[in-house]
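Presented below is the structure to which this report refers.
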Amino acid sequence: MCIHLSVKLMGKITQNVLTEEMLPIARMNGEDFEKMKVSVDGYNAEIFISENYGSDKIVIIFNEIHPHWGEVFTTKYFFFETPGEMSWGHNGEVMKILVI
């Protein structure tokens with residue numbers, strides 16, 4: 001099931017913004033899951049959360065080589081304070097993520 005969220009940001013309607021609750025989870029038990037197709041700062045990718053003991057991490061697999069991240073981006077330091085914007089790391093960096 002795919003749920004798209006439409007929100008009003010800065011006075012305009014923005015559709016298909018990603019929230020953490022929408023992310024598929026790759027469970028440690030190996031059960032099947034589907035990666036979610038997204039656009040990360042304009043680059044098509046697939047995204048999911050990898051379940052780990054102690055700390056889950058987000059995994060973004062880019063369809064084409066990203067000029068900064070390469071093929072894959074992962075971090076366990078992430079949160080979605082604003083729908084469609086994933087803050088990550090310890091330096092206030094943000095990725096804009098839309099469901100496609």
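Each value in this text was obtained by applying a stated rule to the coordinates, not by laboratory testing. Computed from a predicted model, the values in this text were never measured in an experiment. Using ideal geometry, Cβ is built from the backbone for each residue, glycine included, and neighbour counts are taken over all protein chains shown.
For the stretch 43-100, the fraction of C-alpha pairs farther apart than 16 angstrom is 46 percent. Of the three principal axes defined by the Cα atoms of the chain, the extents in descending order read 43, 32, 27 Å. About its Cα centre, the stretch 35-79 has a charge dipole of approximately 100 debye under the convention of +1 per Lys or Arg Cβ and -1 per Asp or Glu Cβ, with nothing else charged.
Given a cut-off of under 8 Å on Cα pairs at least six residues apart, what relative contact order in percent is computed for the stretch 5-99?
Working: 181 pairs, mean separation 23.9, N = 95.
In percent, rounded to a whole number, it is 25.
Sites listed here are GluC sites (Glu not before Pro) in the stretch 35-67 whose DSSP assignment is loop and whose Cβ has at most 16 other Cβ atoms within 10 Å: GLU51. Full extension of the segment from THR82 to GLU31, taken as 0.36 nm per residue of separation minus the current Cα-Cα distance, would add 15.4 nm.
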